[in-house]
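Asker: Below: one structure in structure tokens.
The values are calculated or read from the model by the stated rules, or taken from the named source; none is laboratory data. Everything quoted here is computed from the prediction, not taken from an experiment. We place every Cβ from the backbone using ideal geometry, glycine too, and count neighbours over all the protein chains shown. Calculation scope for accessible area: heavy atoms of the full protein, side chains included, ligands and nucleic acids excluded. Shrake-Rupley method; radii C 1.70, N 1.55, O 1.52, S 1.80 Å.
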Amino acid sequence: CREAAAAPGTPAWPRPPSLVLLIPKGASWPEPPWNYPAVISPQDPTLLIGSSLVATCTVSPDFHLKAEDLYWTLNGRRLPAASYAALGPTTLSVALARLNGSKQQSGDNLVCHSRDGGILAGSCLYVGLPPEKPVNITCWSKNMKDLTCKWAPGTEGETFLHTNYTLKYKLRWYGRDNTCQEYHTAGPYSCHIPKDLALFTPYEIWVEASNRLGVAVSDVVMLDILDVVTTDPPPDVHVSRVGDLEDQLSVRWSSPPALKDFLFQAKYQIQYRVEDSSEWKVVDDVGNQTSCRLAGLRPGTVYFVQVRCNPFGIYGSKKAGIWSDWSNPTAASTPRSERAAGGCDPKGGEQNTTLRRELKQFFGWVKKHAYGCSNLGIKLYDQWRVWLQKSHKTRNQVGKEPFTLLSPAWVGMGRGYGVNPPPGLRGVTWTRRLRGALLVSAGASRR
């Protein structure tokens with residue numbers, strides 16, 4: 001509540017800078033000092049919402065004003081004359097019933113005026129509610145170096161009065177109460193403790209709320225710093241193409257460097273979206289690896305990718321851990337589809353039509369059976385070939401010279417697989433390997 005000032009062009013009676021006059025409860029009204037125009041009683045009262053108030057304005061005899069020469073305003077609005085009562089030749093009262101909460105937390109302006117608009121005296125009205133018990137205290141530690149806590153002000157929240165919140169903490173079994181000093185660091189109801197925190201010892205943490213009408217204290221929360229650790233977003237996030245595969249991107253990142261000297265585990269999440277969308281898709285099954293291959297993407301499309309980290313199990317902690325913020329978005333595009341490229345080699349297209357069709361069928365099968373960051377290995381390809389053989393019971397032929405496309409399930413592929421021909425083939429000429437399959441001359445004889 002600020003001292004009322006006369007509007008431009010209206011007279012203001014001379015008075016000292018402040019008109020505050022505190023009257024002890026039950027004491028009689030003293031003779032007004034003659035060096036200012038009037039006094040209001042009670043001065044700066046604090047009231048509950050719904051209360052009623054009768055205030056009086058008494059004018060100094062030196063100013064030759066009578067009660068009928070006065071009127072009242074509340075926050076600049078003139079109060080109706082029906083609420084006035086003359087209590088003496090120079091005293092005018094006003095009755096205020098069922099008061100609402102203050103329009104401003106610093107108090108409402110109740111002002112006594114002379115007939116010509118001059119300001120004679122002012123008082124601040126504080127009308128509101130006592131604070132409620134703060135709730136939902138949550139805390140986190142960034143790399144075990146500090147502690148930040150947030151809370152909610154209670155079920156109602158609004159008290160209409162300025163309310164102070166104080167976060168206090170202490171070691172559970174010993175130590176003195178400590179008061180947090182850095183407020184509003186993570187929102188309006190938050191506080192940051194930057195240093196001097198103990199590990200392996202639980203803390204007791206609580207919040208006290210206070211205003212002119214009372215004090216409320218939250219429940220005590222007990223926590224161990226090791227159970228509420230979070231970290232920085234994963235650094236060095238790189239997104240790149242996977243060869244010419246038009247529906248995949250490879251994502252790589254580094255583990256959080258701030259925790260490299262501590263015993264802990266980490267799990268990661270990835271989220272990605274296309275350039276022209278605001279909807280993110282989250283990949284939850286990344287685990288503790290620092291790379292992932294996104295499959296089932298749209299060809300020729302720009303994707304934005306983010307990664308976050310959850311450090312848990314620090315020094316044997318059993319808690320789930322707290323997710324870090326997401327890393328800054330990293331962009332990459334998938335290759336364009338060959339069909340959308342325009343020109344093509346007809347002969348080359350004829351020669352690889354069957355293989356492309358099989359690969360398209362394979363990746364369609366992968367989308368249904370291996371979502372997210374599943375490993376695309378030869379075993380998965382073998383499973384698909386078995387499924388394909390059961391479905392079609394045919395063998396595809398490619399190229400002008402007749403030859404048989406053997407499944408890797410028969411002949412093996414990559415490390416750990418043999419390259420010997422299947423039993424029963426004789427006089428076979430192994431011509432070349434075509435994307436994981438072996439081409440065998442059709443002229444081979446069988447026993």
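Asker: Using a basic spin-label model with each label point 7 Å from the Cα along Cα→Cβ, how many nm lie between Asp219 and Tyr315?
Answerer: Each label point is offset 7 Å from its Cα along the Cβ direction, giving 2.7 nm.
Asker: Give me the compactness ratio for region 135-229, meaning the Cα radius of gyration over 2.2 N^0.38 Å.
Answerer: Its radius of gyration relative to the 2.2 N^0.38 Å reference: 1.08.
Asker: Could you give me the ³J(HN,Hα) list for region 223-234, computed from phi with Karplus coefficients 6.51, -1.76, 1.60 and θ = phi - 60°, whole Hz, x at Gly and Pro?
Answerer: 8, 10, 3, 5, 8, 10, 7, 10, 8, 6, x, x
Asker: With every protein chain kept in place and ligands, DNA and RNA left out, what is the accessible area per residue of region 38-128? Probe 1.4 Å, answer in Å².
Answerer: 45 Å²
Asker: With every protein chain left in place, what is the accessible area per residue of region 135-229 in square angstrom, probe 1.4 Å?
Answerer: 53 Å²
Asker: I would also like to ask the following. Roughly to the nearest percent, how much of the accessible area of region 96-195 is carbon and sulfur, given a 1.4 Å probe? Show your work: numbers first, answer last.
Answerer: Values: 2410 of 5050 Å².
Here it works out to 48 percent.
Asker: Let me test this: with uniform point scatterers at the alpha carbons of region 38-128, what is the Debye-based log₁₀ I(q)/I(0) at q = 0.23 1/Å?
Answerer: So the normalised log intensities are -1.14.
Asker: What does the accessible area per residue of region 232-334 come to in Å², with a 1.4 Å probe and no ligands, DNA or RNA counted?
Answerer: The answer is 52 Å² per residue.
Asker: Also, quick follow-up: Which three lengths, in whole Å and largest first, does region 232-334 cover when its Cα atoms are put on their principal axes?
Answerer: Extents along the principal axes: 45, 27, 20 Å.
Asker: Next up: Quick one: of Lys103/Lys168; Lys260/Lys319; Lys103/Lys170; Lys145/Lys267, which pairs are farther than 29 Å apart, Cα to Cα?
Answerer: The answer is Lys103/Lys168; Lys103/Lys170.
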